Amino acid sequence: MTSLSRREAMERLATEASKEVLYDKPLTQWRLALKRFRGRKSGMVGLFLISMLVLVAIFAPLIAPYEPNDPLIGDQDVARYQKPCIHLLGCPDDQPQHWMGIDGNVRDQYSRVIYGSRISLQLGFFTVTLALVVGSAIGAVAGYRGGWFDNIVMRFMDVILGFPSLLLAIAIVAVLGQGLRNALIAIAIVTMPGYARVMRAQVLAIKESDYVSASRALGASPTQILLRRVIPNALTPLVVLASLGVATAILEAAGLSFLGLGAQPPLAEWGSMLAAYRNQVFTAPHLVFYPGLAIMITVLGFNLMGDGLRDALDPTLNR
Amino acid sequence: MLSYITRRVLLAIPVLIGIIVVVFTLVRLIPGDPCTSLLGERATEAACAGFNEANGLDEPIWVQLGIYMKNVVTFDLGESVRFSRPVNQLLIERLPLTTELAMSALALAVAIGIPLGVVAARKHNTAVDTGTMALANVGVSMPVFWLGLMLAYIFALVLRDTPFALPPSGRLSAGVTSVPYFEVWGWQLTEGSFWSKFHEYAANHYILNNLITGQWGVFWDAVKHMILPAAALATIPLSIIARITRSALLEVMGKDYIRTARAKGVREWTVVRSHAFRNALLPVVTIIGLQLGALLGGAVLTETVFNLSGVGRALFDAITGRDYAVVQGFTVIVAAGYVIVNLLVDLSYAYLDPRIRLE
């Protein structure tokens, strides 16, 4: 065999090998999960719903025909509580089109519902981030340190779980004062124990594993071990919990706003829009129907996506 | 078994104490003081001092907590400063409504949710399964207050002249009164005694009271008023129960003992009912227990939508109105009820799965 042919052979081998990499990338945990997620219809429907909502929220000024908080007095010939006017459904062409009607302050309901998506999505996102960060930090430290800290903190979490969550949230808002930001904090506090518990259980399992012992033997500090070794490996169930948590957070925040403790008028928040006209439900049902429908679709999207993620990330649940 | 029960009961006590302490602390952290909120902003200092003394608010906070703990144990929950009536009396009037609402909702959720889950599991991967689970997903995502308002709109307005019309608010129609069973049966009760309070409380369960005394008109009226709130409140637990039943049953149906049962020729229905279903019950019972807390939270919203003066709505009013005694008393009762339900769930595990008793 000449040296040239050997080189040729080597090159061929190398190309073959690289082709193999191209065709058959090793299936890492996340790629496997992605593949499984794509196979789940419900998860994809959820992802679709949420993507649409995010787009609506980002492009709200382009989609909404009017300003959400500007009364249309004087601009047009519209009345308070006017029913939806849709040209396709037989509304006369000479009247301005209002997909979801006019509210009690002569504002275009459709524009308000569109802008409401911004508030609900942000609220869900920030609430869960807060609960996730604080809750899992508490759970991680409790699980890793054990001892009295673990005992006291986790018993406190049990007490929080001992309350019906909406009632505790109401009490916390009463202490902090009403408003969207305080509602967000209250919901984060009442949902925190879930993250703390899951994180603690994960940490308890992981801290006994060989690679953690190895790091410890190499002289890594507890903080380093916790941040570099334990937490990254404990994240999977928390991702699922967080996705479902966004749904809960949006629903509970809407509930608090409905009770008048969350978002305050004139902010275009779905729960408070619904609350403002709940006594007009018999005369102007459209003002109650659409904000509620928007809440339901958003929550449904996050629930479906959470279910899809759970099936994708937890192979033991695969059936 | 007895030691298992004892251990569970003992474990519930620290949680209850914790709840009492948290409620006590939270209530005192609510900004503003009860004196100015009740006597008005311009109450004189002397008036406030008198008010604080009368309500024990001038004692150090630790003493107040101690007194409060002692009072809870002796079931003396203090007096509502807003209604100028004992909290116990308010509970007698309002708790029965919430209990009836929560129990009706739970009964609906279990009676519909479990069969739906079983059907979905039996028809796994068919249109029936997909359809049921799609509905369950929508149900889980439903804002209770929105559903309540929409139901009220449909049944009280759209269907108002049909036999399906249902009232959108209140417990009984105007002019209808529920006569307590002890009056119907002519019992002589001593005014203000424990038993007279107890019977008053029991008779405030209108559905039950009119069922046992046979006042059918009133009974039917009470049931009609309960349908919409209970349906709204039941939707989320119903969907969750259906989902859990389905997945628990699917898991059990894959077990070897099911194959064995089928192989020896047991009828399919018997396999599902006595081999699979009993073993699938454990997670279902857990979730039913957990849902009760959510039901109580949902009761605040449902009672608001349907103008019902139950515990949930009263608690909300008390929290926003700084009525210390009511907040404390009601929350403790509600939380205690919740802890007891969870205890019952734990005990039912031991009944359903003998292995747990031995741990």
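The values are calculated or read from the model by the stated rules, or taken from the named source; none is laboratory data. Being a predicted model, the structure only gives us computed values, none of them experimental. Virtual Cβ from ideal backbone geometry, glycine too; neighbours counted across all protein chains shown.
What to note about this one:
- Residue satisfying condition, being touching a Leu at 6+ places or on another chain (Cβ under 9 Å), polar (S, T, N, Q) and either over 28 Å from B:S141 (Cβ atoms) or modelled with pLDDT under 80 (or both), within set A:Q76, A:Q95, A:Q29: A:Q29
- Selection status of B:L116, within 13 Å of chain A (Cβ to nearest Cβ) and within 26 Å of the chain's Cα centre (by Cα): no
- A:F149 within 30 Å of A:Y195 (Cα to Cα) and either at pLDDT below 85 or β-branched (V, I, T) (or both): no
- Against the list (1) farther than 23 Å from A:P68 by Cα; (2) surrounded by fewer than 19 Cβ atoms within 10 Å (Cβ to Cβ); (3) within 13 Å of chain B (Cβ to nearest Cβ), the condition A:L304 fails is (2).
- Residue in the stretch A:185-202 that is crowded, with 23+ Cβ neighbours inside 10 Å and of a type in the set (D, E, K, R) present: yes
- Residue that is surrounded by the most Cβ atoms within 10 Å (Cβ to Cβ), among those in the stretch B:73-106 that are under 26 Å from B:W195 (Cα atoms) and touching an Asp or Glu at 6+ places or on another chain (Cβ under 7 Å): B:V87
- Total residues in the stretch A:166-224 satisfying the condition of being among the charged types (D, E, K, R), more than 14 Å from chain B (Cβ to nearest Cβ) and in a helix (DSSP H, G or I): the figure is 4.
- Lone unmet requirement of (1) exposed (fewer than 14 other Cβ atoms within 10 Å of the Cβ); (2) of a type outside the set (D, E, K, R); (3) more than 27 Å from A:I172 (Cα to Cα) for B:I17: (3)
- All of (1) farther than 25 Å from B:E100 by Cα; (2) of a type outside the set (G, A, S); (3) away from chain A (no Cβ under 12 Å); (4) in a helix (DSSP H, G or I) hold for B:L250 with one exception: (3).
- Between A:P237, A:P232, the distinction of being under 21 Å from the mean Cα position of the chain (by Cα), part of a helix (DSSP H, G or I), away from chain B (no Cβ under 11 Å) and without any contact (Cβ under 8 Å) to a residue 40 or more places away in the chain belongs to A:P232 only.
- Members of the stretch B:92-131 found to be hydroxyl-bearing (S, T, Y) and not in a helix (DSSP H, G or I), listed by number: B:T126
- Odd one out for A:G116 among (1) touching a residue at least 60 places away in the same chain (Cβ under 8 Å); (2) within 14 Å of chain B (Cβ to nearest Cβ); (3) out of contact with any Pro (no Cβ under 8 Å at 6 or more places or on another chain); (4) surrounded by 24 or more Cβ atoms within 10 Å (Cβ to Cβ): (3)
- Test result for A:Q122, farther than 22 Å from B:G18 by Cα and not in a helix (DSSP H, G or I): no
- Residues of the stretch A:264-299 satisfying the condition of being within 18 Å of A:K83 (Cβ to Cβ), among the polar types (S, T, N, Q) and in contact (Cβ under 8 Å) with a residue 60 or more places away in the chain: A:Q280, A:T283
- Top-ranked residue of the stretch A:206-234 - restricted to ones that are surrounded by 15 or more Cβ atoms within 10 Å (Cβ to Cβ) and aliphatic (A, V, I, L, M), ranked as nearest to A:V134 (Cα to Cα): A:I231
- Single match in A:L88, A:L49, A:L32, A:L55 (criterion: surrounded by fewer than 11 Cβ atoms within 10 Å (Cβ to Cβ) and outside any loop (DSSP other than H, G, I, E, B)): A:L88
- Inclusion of B:T162 among residues that are assigned to a helix (DSSP H, G or I), of a type in the set (S, T, Y) and over 17 Å from the mean Cα position of the chain (by Cα) is not warranted.
- Residue satisfying condition, being in contact with an Asp or Glu (Cβ under 8 Å, 6 or more places away or on another chain) and at pLDDT 80 or above, within set B:G329, B:G310, B:G298: B:G310
- Residue among A:P285, A:P266 that alone is modelled with pLDDT under 90, out of contact with any Cys (no Cβ under 6 Å at 6 or more places or on another chain) and more than 10 Å from chain B (Cβ to nearest Cβ): A:P266
- B:A109 being buried (at least 18 other Cβ atoms within 10 Å of the Cβ) and either closer than 18 Å to B:G298 by Cβ or at pLDDT 90 or above (or both): yes
- Just one of the listed residues (A:D93, A:D150) is away from chain B (no Cβ under 14 Å), in a helix (DSSP H, G or I) and free of Cβ contacts under 8 Å to residues at least 60 places away in the same chain, and it is A:D150.
- Of the criteria (1) within 24 Å of the chain's Cα centre (by Cα); (2) crowded, with 17+ Cβ neighbours inside 10 Å; (3) among the hydrophobic types (A, V, I, L, M, F, W, C), which one B:A156 fails: (1)
- Residue within the stretch B:149-168 that is more than 10 Å from chain A (Cβ to nearest Cβ), in contact with a Lys or Arg (Cβ under 7 Å, 6 or more places away or on another chain), farther than 22 Å from B:I241 by Cα and not aromatic (F, W, Y) present: yes
- Being under 21 Å from A:L313 (Cβ atoms) and touching a helix residue (DSSP H, G or I) at 6+ places or on another chain (Cβ under 6 Å) holds for only one residue in A:A242, A:A205, A:A253, and it is A:A242.
- Enumeration of residues in the stretch B:285-327 that are closer than 21 Å to A:L251 by Cα, more than 9 Å from every other protein chain (Cβ to nearest Cβ) and crowded, with 24+ Cβ neighbours inside 10 Å: B:Q291, B:T302, B:E303, B:F306
- The residues listed here are B:E41, B:E53; of these, the one that is more than 14 Å from chain A (Cβ to nearest Cβ), of a type in the set (D, E) and outside any helix (DSSP H, G or I) is B:E41.
- Checked against (1) within 26 Å of B:L292 (Cβ to Cβ); (2) within 14 Å of chain A (Cβ to nearest Cβ); (3) in contact with a Leu (Cβ under 8 Å, 6 or more places away or on another chain); (4) buried (at least 16 other Cβ atoms within 10 Å of the Cβ), B:P34 meets all criteria but (1).
- Subset of the stretch A:39-48 [of a type outside the set (A, V, I, L, M, F, W, C), modelled with pLDDT of 80 or more and closer than 12 Å to A:L309 by Cβ]: A:S42, A:G43, A:G46
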